[in-house]
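Novice: Below is the structure I would like to discuss, written out as structure tokens.
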Amino acid sequence: MEHPREPEPADGVSERLVQASRWCNCGHPPPLLIRDQRVLPGALEREAQTPMGPPSHLAPGPRTVHEERLRPGDRVLLHTDGVSEARMRDGTLFGMGRFTDAIIRATGWRRRSCAG
């Protein structure tokens, strides 16, 4: 991940590090942006392109690289549909809601425990 820098303000305040996430969507579920302990629906959703491997040779041009600026504390969750489509013992889907809730609770606990 590159760390672009914001232009220095005219008043001479020192520049600050800006975090950015860059990715290409090759048909997998889009990454999820977690901000303030919740998922921002559709924040990183972009049109899917040709999958990697031999079909990529049939793509009409170079891949589109998407970029999103991140705020301090933001988390980007990359995942496959295998997690959300997993089945519980009773046969119900694990689902995105359970998946993201587990991630948010787990990372929120670590943040609080590190602070204390």
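The numbers here are math on the coordinates, done by the rules we state, and not lab data. Note that the structure is a prediction, hence the values are computed from the model and not measured. We place every Cβ from the backbone using ideal geometry, glycine too, and count neighbours over all the protein chains shown.
Novice: Calculate the dipole size of region 19-115 relative to its Cα centre from +1 charges on Lys and Arg beta carbons and -1 charges on Asp and Glu beta carbons; express the result in debye to the nearest 20.
Specialist: Its charge dipole is roughly 480 debye.
Novice: What full-extension length gain, to one decimal in nm, is calculated for His79 and Arg22 as 0.36 nm per residue of separation minus the Cα-Cα distance?
Specialist: 19.0 nm
Novice: Just going by the charge dipole of region 19-115, with Lys and Arg at +1 and Asp and Glu at -1 on Cβ, which of His28, Gln49, Thr107 is farthest out on the positive end?
Specialist: Thr107
Novice: Normalising by the residue count of region 19-115, find the relative contact order in percent from Cα pairs under 8 Å and 6+ residues apart.
Specialist: Worked out over region 19-115, it gives 32 percent.
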